[in-house]
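Structure first, commentary second.
Throughout, read-outs are computed from the coordinates displayed, never taken from laboratory work. Just so it is clear, the model here is predicted, and its values are computed rather than measured. Because the Cβ atoms are built from the backbone with ideal geometry, glycine has one as well, and the counts that use them run over all protein chains shown.
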């Protein structure tokens, strides 16, 4: 070949190389979305946690403590989810705060209460794990400086075992769910920087599975519309569907008779994961079991508002009474949530007897109930206008539009039963005496969608099960929290939601971290 021809070929190749390098530089510099997509295809971590509530945060912390590099993906702008809205507390049997208060409790008694609440649907294995690890969950949280020393009794519990945070020295209430989530978030930010990465405003798109149906990662979409891929073991902690009013609503599909009720859930509770993984044949359990909390606050200025503030169960635990529109008691206020809800629908009337308004019960309190609950906490609801500071018995009767003599008879009957130790509804714990001379408060409450007991079926190791020829574990996939089913059965005990998040979140995080080490 002539030398001049060779020079031309070399020159031509050099020009091509320069053009390719220039084009690559332009793409990297001016088309970051393409860059992100390329990089994301190469992204690999040990554990991917989808969902940033307490279950997801607990899973991430535990996985990191077992040597894993973790990424949390959450569709909201910040972590927290419904966990941050929780107000009742977190259960623990045999905890240090219980022992300090000389409360006689045990994991077996706690398990018995939880199984009874579940109405025969709960997995005995999962309930045993929940109860036996409950005191360790309290200890785990207290190592972060969380002062879970206020222990109260909620409905359906044999003893006081629901842990809350006492009010501050100046009397300000401390919201338990928000404080737990905020504290653990700060721990991740300050102590696990570079170990746990948080990606928000990013929605789950699909599981990535290999030819053997092992989960090896996820696809997710960021706010800018770019689809990313990430390799790693996966923990799903995305919550429930108690605010799902999308066109393919899980509420309409599984509980159409409840779908129009108001909810305490945030707008994120739409069950996305359960819909987007339907093609993966993951096993679902108890999807028709959606808990209606008996006491969602009615706002007098907007009684039909779809989202309700939760009237904490601890109000009834502190002695508040429930009356129907005739001014009479109709239920054990400390009964199971499903029983109290059923009784309200059966014995109560629409607000102001207006059929366009919700069915309500009147929750009455006196000064001692308010003191036990915490005046600062009650003050928040009073300021919002959802607990009304009424005054005398006569003024309460006027507010409820009933005869004062009926209210007097109701209170006298209640106090007589308290003196005898049991009433006609089976109530045996009478924490506060009531007198016709008391100063009264009242709020109106209505049953409200609160929690989904059903979801992904898991093993005791928090592994997700798959329905193929039978049921088998999906390798590389774990789940915890409200996205799962099996723990609560027909009815969840108050205080078991945050506990489930911590117990099974930690189990999922630990096992996901070790699965990567054992099977890489």
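Take the Cα of residue 169, step 7 Å along the line toward its Cβ, and report every residue of the stretch 140-160 whose backbone nitrogen sits under 20 Å from that point. Counting backbone N atoms under 20 Å from the label point, the list is 145-150.
By other beta-carbon atoms within 10 Å, ranking 281, 514 with the fewest at the front produces 281, 514.
Length gain on complete extension for the stretch residue 252 to residue 227, per 0.36 nm per residue less the alpha carbon to alpha carbon distance? Intermediate values should be presented prior to the final figure.
Working: separation 25, 0.36 × 25 = 9.00 nm, distance 2.97 nm.
The span from residue 252 to residue 227 would gain 6.0 nm if fully extended.
Fewest-first ordering of 474, 428, 442 by other beta carbons within 10 Å of each residue's beta carbon gives 428, 442, 474. With angles folded into 0 to 90 degrees, how steeply does helix 3-30 sit against the dominant principal axis of the chain? Use alpha carbons for both and round to 10. Helix 3-30 sits roughly 10 degrees off the main axis of the chain.
The separation of the stretch 289-307 from the stretch 405-458, counted between C-alpha centres, amounts to 18 Å.
Taking the Cα atoms of the stretch 364-520, the ratio Rg/Rh between the radius of gyration and the Kirkwood radius comes to 1.20. Principal axis analysis of the Cα atoms in the stretch 292-449 yields extents of 41, 29, 29 Å, listed in decreasing size.
The angle between the Cα long axis of helix 176-191 and the longest principal axis of the Cα atoms of the chain comes to about 30 degrees, rounded to the nearest 10. Taking Cα atoms, how many degrees apart are the long axis of helix 375-384 and the longest axis of the chain, rounded to 10 and kept between 0 and 90? The angle comes out near 80 degrees.
Going by the alpha-carbon gyration tensor, a ≥ b ≥ c the square roots of its eigenvalues, is the chain rounded (a/c under 1.5) or, if a/c is not under 1.5, prolate (a/b greater than b/c) versus oblate? Here the chain falls in the prolate category. Once you sort the root eigenvalues of the Cα gyration tensor of the stretch 460-519 as a ≥ b ≥ c, which label holds: rounded (a/c under 1.5), prolate (a/b larger than b/c) or oblate (the other case)? Here the stretch 460-519 falls in the oblate category.
Sum -39500 (n - 2.57) across every DSSP H segment of at least 4 residues in the chain, then divide by the residue count to get the 222 nm mean residue ellipticity, nearest 500. Working shown, then result.
Values: 17 runs with 193 residues, N = 520.
The helix-only estimate for the chain comes to -11500 deg cm²/dmol at 222 nm.
At full extension, residue 403 and residue 245 could sit 52.7 nm farther apart than now, given 0.36 nm per residue minus the alpha carbon distance.
Taking other C-beta atoms within 10 angstrom as a stand-in for reagent exposure, 388, 457, 102, 189 fall in the order 102, 189, 388, 457, fewest first.
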